[in-house]
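The values are calculated or read from the model by the stated rules, or taken from the named source; none is laboratory data. Keep in mind that this is a model prediction, so the values were computed, not measured. Don't worry about glycine lacking a Cβ; one is built from the backbone with ideal geometry, like all the others, and counts go over all protein chains shown.
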Amino acid sequence: MSTDLIELTFTSTTFPDTGSLWACVATCSVQAGFPGGVDVDGRLVLAHEDGVVVGTERKFELNDNRGIEDPEVIEVSTTGTVNNLGAGTHRLSCSAAKTEARDPNFTIQRSSITVSCSDHHL
């Protein structure tokens with residue numbers, strides 16, 4: 001796994017032409033795991049067709065501290081708002097990557113995205 005973001009899950013939403021702009025709130029959640037004996041730093045983001053949604057990058061650490069029973073799986077979530085969406089189909093996704101190329105890979109055991117949209121300002 002490189003430091004490039006890898007899409008984990010996505011949803012597409014189609015809006016009718018109501019004459020209004022739409023806004024969506026989305027939450028991405030993942031279960032990240034790793035083999036014991038290593039330290040890995042990663043990041044999770046919410047993305048729209050235009051790129052990473054501002055303010056949604058969440059960094060996380062999977063650590064194996066000597067003499068401590070560290071968890072081998074952690075749950076990470078991020079939530080963001082995408083505003084000013086016009087009529088048509090829009091794609092929102094969750095993506096993750098490790099932050100250091102030299103780090104070993106981690107695994108995503110589960111991922112989900114939940115989206116709620118409205119043509120009223122959120």
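Any residue in segment 81-107 that's outside any strand (DSSP E or B): show its pairings with residues that are of a type in the set (K, R) at Cβ separation under 8 Å, as long as the two are six or more apart or on different chains.
Close Cβ pairs satisfying both conditions: T99/R43; T99/K59; N105/K98; F106/K98.
Can you give me the number of residues within segment 22-50 that are loosely packed, with under 14 Cβ neighbours inside 10 Å and either in contact (Cβ under 8 Å) with a residue 12 or more places away in the chain or more than 19 Å from A87 (Cα to Cα) (or both)?
Initially, segment 22-50 is screened for residues loosely packed, with under 14 Cβ neighbours inside 10 Å, giving 35-38, 49-50.
Still in the list and also either in contact (Cβ under 8 Å) with a residue 12 or more places away in the chain or more than 19 Å from A87 (Cα to Cα) (or both): 35-38, 49.
Number of matching residues: 5.
In segment 65-78, which residue that is surrounded by 10 or more Cβ atoms within 10 Å (Cβ to Cβ) and of a type in the set (D, E) is modelled with the lowest pLDDT?
The selected residue is D70.
Among the residues of segment 1-11, count how many are assigned to a strand (DSSP E or B) and closer than 17 Å to G80 by Cβ. Show your work before the answer.
Narrowing segment 1-11 to residues assigned to a strand (DSSP E or B): 6-11.
The next check asks that each one be closer than 17 Å to G80 by Cβ; those that pass are 7-11.
The total comes to 5.
Only one residue in V30, V25 is at pLDDT 95 or above and either farther than 15 Å from S116 by Cα or in a loop (DSSP other than H, G, I, E, B) (or both), so which one is that?
When all the criteria are applied, what remains is V30.
Could you go through segment 64-77 and let me know if any residue there is assigned to a strand (DSSP E or B) and in contact with a Lys or Arg (Cβ under 8 Å, 6 or more places away or on another chain).
Pass one, segment 64-77, residues assigned to a strand (DSSP E or B): 73-77.
Within this subset, residues satisfying the condition of being in contact with a Lys or Arg (Cβ under 8 Å, 6 or more places away or on another chain) are 76-77.
Yes, some residue in segment 64-77 is assigned to a strand (DSSP E or B) and in contact with a Lys or Arg (Cβ under 8 Å, 6 or more places away or on another chain).
Determine which member of the set L62, L85 is under 24 Å from S12 (Cα atoms) and either in contact with a Leu (Cβ under 7 Å, 6 or more places away or on another chain) or surrounded by 11 or more Cβ atoms within 10 Å (Cβ to Cβ) (or both).
Details: L62 fails: under 24 Å from S12 (Cα atoms).
Result of the check over L62, L85: L85.
One residue is enough: does segment 97-114 have a residue meeting the conditions surrounded by 14 or more Cβ atoms within 10 Å (Cβ to Cβ), farther than 14 Å from T9 by Cα, at pLDDT 95 or above and not β-branched (V, I, T)?
Looking through segment 97-114, none of the residues is surrounded by 14 or more Cβ atoms within 10 Å (Cβ to Cβ), farther than 14 Å from T9 by Cα, at pLDDT 95 or above and not β-branched (V, I, T).
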